[in-house]
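Beneath this line is the structure, given in structure tokens, with notes to follow.
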């Protein structure tokens, strides 16, 4: 069930916050958080919300990897 419009572009800051929330609330490391995000947020389709949203997600993951 997607609650975000597929026409919306989600920014890097959104994904930084989202991934940090997943890691903190579930005790996940970054790899676990990205796997969880792929399943629960993107529902297996990383481009479900468009290419720019996907690129912003990857940018956030890269930043968290340091």
Test set (1) modelled with pLDDT under 95; (2) exposed (fewer than 14 other Cβ atoms within 10 Å of the Cβ); (3) over 12 Å from the mean Cα position of the chain (by Cα) - residue 63 fails condition number: (1)
Only listed residue being surrounded by 11 or more Cβ atoms within 10 Å (Cβ to Cβ) and modelled with pLDDT under 95, chosen from 21, 10: 10
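Of the residues 28, 15, 42, only one is part of a loop (DSSP other than H, G, I, E, B) and modelled with pLDDT of 95 or more; which?
Values: 15 fails: part of a loop (DSSP other than H, G, I, E, B); 42 fails: modelled with pLDDT of 95 or more.
Checking each option against the conditions leaves just 28.
Counting only residues that are touching a residue at least 40 places away in the same chain (Cβ under 8 Å) and touching a helix residue (DSSP H, G or I) at 6+ places or on another chain (Cβ under 7 Å), which one in the range 24-60 is surrounded by the most Cβ atoms within 10 Å (Cβ to Cβ)? Walk me through it before giving the result.
Narrowing the range 24-60 to residues touching a residue at least 40 places away in the same chain (Cβ under 8 Å): 43, 48-50, 52-53, 56-57, 59-60.
Okay, now just the ones that are also touching a helix residue (DSSP H, G or I) at 6+ places or on another chain (Cβ under 7 Å), so 56-57, 59-60.
Numbers: 56: 20, 57: 25, 59: 14, 60: 23.
Applying the filter and picking the extreme gives 57.
The values are calculated or read from the model by the stated rules, or taken from the named source; none is laboratory data. Only a predicted model underlies this, so the values are computations on that prediction, with no experimental measurement involved. For neighbour counting, all protein chains shown are included, and Cβ atoms are generated from backbone atoms with ideal geometry for every residue, glycine included.
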